[in-house]
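Down below is the structure, laid out as C-alpha cells.
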Amino acid sequence: MNYLAHLYLSPDIEDLTIGSLLGDFVKGPIKKEASLFNQGIMLHRKLDSFTDNNMVVRRSKSLIGIENRRYAGIIIDLFYDYFLANNWSLFHRLSLPCYAGTIYRMLEQRYPELPENFQKILPNMIRNDWLTSYGCKNHLEMVLKKVGQRLKKPISLERSLLDLSQNYTALENDFFAYIPLARQFCWEYNQQLCESGLGCESALPK
C-alpha cells in the first residue's frame, strides 16, 4: 500500500524499482534465478521486515489509538507515504508529478511482465494518479477506509486520521528519522547485489 516509499527507496535501477513495487502482489517463494526483478521483490519484503522491527516506526505505532492499534503497521505505512509526498522536494530532484509520470510510463512499457493482479489495478492507478495523490488528506482518508473495509472484520481505519492530527509533529519527526535509516538499509542491499555481480548503483538510491 505504501507504494511511493518503496519506489523512492529502491535503488535507481529499472528492474529493481519495478520489483520493489510488486512485493505485495507476488505471493510465496521467489524463484531462485538471479534476476534484478526478483531481487526487487525480495527487497520489498526485506524492507517491510526492517520497517516492522524499526524502533522509530514502533514509536509511531504507539501513537495510534487503541481501537486501531492492531493495524498500526498499515496506518503508519500510509502516514509515512503522506509525509513523503508532502516533503517530496526535499528528497528527489524531480517534482512528484514528473516522477510519478516516469513510473507510470515505465510500468506501461513493462506491462506484459507484471503480475496479473497488478495489471488489473494499473489503469486505475494511472488514471487516478495514486502516487501524487498520497499527499492529499482526502485521498489518504479514502485509502484508509477502503483498506478497513477489506479486512476480515471491517473496521473504520479512517478514524486514525484523528491520531495523525493530534500527533502530527511527532509522527512527521519519526518519518524524517526513519527515511535515512531505510535508505541506508536499501543501499546496503544494493551493495550486496554489486558484489554478487548482478549490477548496482554506486551512490545512495536517490
Residue 101 being over 20 Å from residue 16 (Cα atoms), of a type outside the set (Asp, Glu) and within 18 Å of the chain's Cα centre (by Cα): no
Exactly one of 59, 45 is charged (D, E, K, R), out of contact with any Ser or Thr (no Cβ under 8 Å at 6 or more places or on another chain), more than 18 Å from residue 82 (Cα to Cα) and assigned to a helix (DSSP H, G or I), and that residue is 45
Does segment 84-91 contain any residue that is surrounded by 17 or more Cβ atoms within 10 Å (Cβ to Cβ), without any contact (Cβ under 8 Å) to a residue 60 or more places away in the chain and not polar (S, T, N, Q)? yes
In segment 92-101, what count of residues is obtained for those that are surrounded by 13 or more Cβ atoms within 10 Å (Cβ to Cβ) and either without any contact (Cβ under 8 Å) to a residue 60 or more places away in the chain or part of a helix (DSSP H, G or I) (or both)? 5
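From the set of residues in segment 137-182 that are aromatic (Phe, Trp, Tyr) and crowded, with 18+ Cβ neighbours inside 10 Å, which is nearest to residue 49 (Cα to Cα)?
178
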For residue 105, work out the one condition from (1) farther than 22 Å from residue 190 by Cα; (2) of a type in the set (Lys, Arg); (3) in contact with a Phe, Trp or Tyr (Cβ under 9 Å, 6 or more places away or on another chain) it doesn't fulfil. (3)
When you go through 128, 117, 173 one by one, which is the residue that is more than 17 Å from the chain's Cα centre (by Cα) and modelled with pLDDT of 95 or more? 173
Within segment 108-124, restricting attention to residues that are among the hydrophobic types (A, V, I, L, M, F, W, C) and in contact (Cβ under 8 Å) with a residue 40 or more places away in the chain, which residue is surrounded by the fewest Cβ atoms within 10 Å (Cβ to Cβ)? 118
Taking first residues from segment 165-186 that are more than 27 Å from residue 21 (Cβ to Cβ) and second residues anywhere that are modelled with pLDDT of 95 or more and surrounded by 15 or more Cβ atoms within 10 Å (Cβ to Cβ), the pairs with Cβ under 9 Å that are 6 or more apart or on different chains are 166/63; 167/60; 167/63; 167/64; 170/59; 170/60; 170/63
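From the list 77, 48, pick out the single residue that is closer than 14 Å to residue 2 by Cβ, at pLDDT below 95 and either among the acidic types (Asp, Glu) or loosely packed, with under 15 Cβ neighbours inside 10 Å (or both).
After applying the criteria, what remains is 48.
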When residues of segment 1-21 are limited to those that are buried (at least 20 other Cβ atoms within 10 Å of the Cβ) and assigned to a loop (DSSP other than H, G, I, E, B), the one nearest to the chain's Cα centre (by Cα): 2
Is it the case, given these coordinates, that residue 105 is in contact (Cβ under 8 Å) with a residue 40 or more places away in the chain, farther than 25 Å from residue 141 by Cβ and among the charged types (D, E, K, R)? no
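The values are calculated or read from the model by the stated rules, or taken from the named source; none is laboratory data. It should be emphasised that the depicted structure is a prediction, and the values quoted were computed from it without experimental measurement. Counting neighbours? That spans all protein chains shown, and the Cβs are built from the backbone with ideal geometry, glycine included.
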